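What follows is calculated from the coordinates using simple rules that are stated; it is not laboratory data. Everything numeric in this text was worked out from a predicted model, so none of it was measured. Cβ coordinates were reconstructed from backbone atoms using ideal geometry, including for glycine residues, and neighbour counts include every protein chain displayed.
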Amino acid sequence: MKNTHAWRIGRWKMALLAAWLGASHTAGAAERRVFVVDTMDTIQNAMRGRCAVYRQPPDRILFSKGPGYGRNDGSGLRLSYHKINVGGAYGQGGWIGYYTILQAGDRYFDASGYTHLTFWIRGEQGGERLQIGLADRQLAMVQDSVKSRPVEDYLPAGRVTTEWQKAVVPLTDMFVDYASVASVSLCFESELFDEEEVRGTIYVDDLAFEENPEP
């Protein structure tokens, strides 16, 4: 009986240890926070902020959201752009991109608990280029943003391809006040293109802030 009692206690302790380890693992997973700010499904994001494109002639850009544009044939964003690096107000063409507003009145998104900005992207032809823009309270006042390195620097393949890839952008690449993020943008800057005119189409899904994202 004594041995049987000890064996039962041993099993109870093992079960308790397993439960504790499981809870610890779950807590660890929960600590890796993810907040999808723009699912690219509607004209509003998770903060109920506006999502749209900006444009300055002679550049042109069109966007649409709907089924088939996202991963696994789900809803996503389709951006078709025509970048022209001549003419315009300064003789260097215009500027175009997509933005999602995370500001509501005097309230801003607090991204200080996150380490990366992530999103999924593929191109219609492959080789498409863009940068990520991040604006805080001060930059929003002058309608500007800090730009990242070219998107290919954050992709596993080293370039945009026709297959979906996850871009993982360290927030430390953009020096802003992470506690007061006003907007995120996808920017087609003139310096990315050597040609006078460039056309392209990209598809984007699930723009998110993540803490220590897995590869």
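Name the residues of the range 174-215 whose amide N is less than 13 Å from a point 7 angstrom out from the Cα of VAL34 along the C-beta direction?
Within reach of a label on VAL34, which here means backbone N under 13 Å from a point 7 Å along Cα→Cβ, the range 174-215 contributes 206-215.
Hey, in the GNM for the chain with a 10 angstrom Cα cutoff, which one of ASP153, ASP106, ASP205 fluctuates hardest?
In the Gaussian network model the winner is ASP106.
Treating the angle as unsigned and between 0 and 90°, give the value, to the nearest 10°, between the Cα long axis of helix 2-31 and the longest Cα principal axis of the chain.
Roughly 10 degrees, rounded to the nearest 10.
Per-residue ellipticity at 222 nm for the chain, helices alone: DSSP H runs ≥ 4 residues times -39500 (n - 2.57), over residue total, nearest 500 deg cm²/dmol?
-5500 deg cm²/dmol
Starting from 0.36 nm per residue, how many nanometres of slack lie between ARG55 and ALA89 once their C-alpha separation is accounted for?
Working it through step by step, the gained length comes to 11.0 nm.
Sorted from fewest to most neighbouring beta carbons within 10 Å, what does the list PHE188, PHE63, PHE35 look like?
Ascending Cβ contact count within 10 Å gives the list PHE35, PHE63, PHE188.
Collect residues whose amide H, placed 1.01 Å from N in the peptide plane, falls under 5 Å from the amide H of GLU128; neighbours closer than 5 in sequence don't count.
Result for GLU128 returns VAL160.
Once you order the gyration tensor axes a ≥ b ≥ c over the Cα atoms, which shape class does the chain get: rounded for a/c under 1.5, otherwise prolate or oblate by comparing a/b with b/c?
prolate
Residue by residue, what Karplus-based ³J(HN,Hα) values in Hz, rounded to whole numbers, does the range 160-177 have, using 6.51, -1.76 and 1.60 with θ = phi - 60° and x for Gly and Pro?
6, 10, 7, 9, 5, 9, 9, 7, 10, 10, x, 5, 5, 6, 10, 8, 9, 7
With labels modelled as points extended 7 Å from the Cα through the Cβ direction, what inter-label distance (nm, one decimal) is found for GLN44 paired with LEU155?
Spacing of the two 7 Å Cα→Cβ label points: 3.2 nm.
Within a 10 angstrom radius of the beta carbon, how do MET174, MET141, MET40 rank from fewest other beta carbons to most?
MET141, MET174, MET40
Can you tell me which of 48-57, 89-98 comes out highest on packing, and rank the rest after it, using the mean Cβ neighbours within 10 Å?
On the way: 48-57: 15.0, 89-98: 17.2.
The densest-packed peptide leads the list: 89-98, 48-57.
With each pseudo-label sitting 7 Å past Cα toward Cβ, what's the SER112-GLN138 distance in nm, one decimal?
With each label point 7 Å from Cα toward Cβ, the separation is 1.6 nm.
Using DSSP loop states and a limit of at most 15 other Cβ atoms within 10 Å to flag GluC sites (Glu not before Pro), what is the longest stretch of the chain containing no flagged site? Walk me through the numbers before you get to the answer.
On the way: sites that count: GLU124, GLU163, GLU195, GLU196, GLU211.
Result, exposed sites excluded: 1-123.
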